[in-house]
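In what follows, a single structure is set out as structure tokens and then discussed.
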Amino acid sequence: MKFVKQYIKNPIKTGAITPSSKGLAKLITKTADLPRKETIVEFGSGDGVITEQIIEKIDSRATFFSIEINQEFVRQTKKKCPKATVYHDSAKNVDKYLAKQDVEKCSCIISALPWAVFDNNLQKELLSAAYKSLEEGGEFLTVAYFTGVFFPKGIRFKKLLDSKFRIVKKTRIVWWNILPAFVYHCKK
């Protein structure tokens, strides 16, 4: 119910009526091959369902933090994942938090941001920040709702991914997620 309240308060920042399903969280973290990554950043922790899976799968020596713009979601994530480092800020400031961790670039970004509801400028700004913060060969994985790929903002986002990354793949669809979703898996 808390997720719905946050959506009603600010649908653009929240982007979904319900949190990602555990199945979607498992798909994105498995696709990322997290045990092999040294520095992982999460854009948009929401209520922490993906954060929980990231923590479960990363190597104990890896650096991991999440950036979440919604203060209520920061609280929910910290409650669900007390060991997680969650910064209350926009993902566009990812470099600031990499520096705080004494890391120049990250090897992987996992995102559940609502790209298909963002305007063109915000999509470009956030995706540029993600790309710039990734090491060469780094991976960017993001949730995409199946229905969003048919709308102009979703189509524009896919074109942005194709223009930035050398490889862009789609995973299978998780039909039991509300709304059905898949993952874009991109490599720099």
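The values are calculated or read from the model by the stated rules, or taken from the named source; none is laboratory data. In this text, all values refer to a predicted model and were calculated from it rather than measured experimentally. In this analysis, Cβ positions are derived from the backbone assuming ideal geometry, glycine residues included, and neighbour counts consider all displayed protein chains. The area values use the complete protein model at the heavy-atom level, side chains included, leaving out ligands, DNA and RNA. Shrake-Rupley method; radii C 1.70, N 1.55, O 1.52, S 1.80 Å.
Data for the structure
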item	result
Scope the range 148-181; condition touching a residue at least 60 places away in the same chain (Cβ under 8 Å), over 22 Å from L122 (Cβ atoms) and either open to solvent by less than 30 Å² (accessible area, probe 1.4 Å) or within 16 Å of the chain's Cα centre (by Cα) (or both); matching residues	T171, V174, N177
Selected residue (only one of L122, L113 is more than 17 Å from D33 (Cβ to Cβ), under 17 Å from the mean Cα position of the chain (by Cα) and crowded, with 21+ Cβ neighbours inside 10 Å)	L113
Condition check for L141: over 25 Å from G48 (Cβ atoms), crowded, with 17+ Cβ neighbours inside 10 Å, modelled with pLDDT of 95 or more and touching a helix residue (DSSP H, G or I) at 6+ places or on another chain (Cβ under 7 Å)	no
Pairs with Cβ under 6 Å, 6+ apart, first in the range 18-38 and modelled with pLDDT of 90 or more and open to solvent by less than 20 Å² (accessible area, probe 1.4 Å), second in a helix (DSSP H, G or I) and of a type in the set (S, T, N, Q)	A25/Q53; T29/Q53
Qualifying residue in the range 97-110 (condition: at pLDDT 95 or above, farther than 18 Å from T63 by Cβ and either of a type in the set (D, E) or out of contact with any strand residue (DSSP E or B) (no Cβ under 8 Å at 6 or more places or on another chain) (or both))	no
Of all residues making up the range 61-86, the number that are closer than 19 Å to F140 by Cα and of a type outside the set (V, I, T)	5
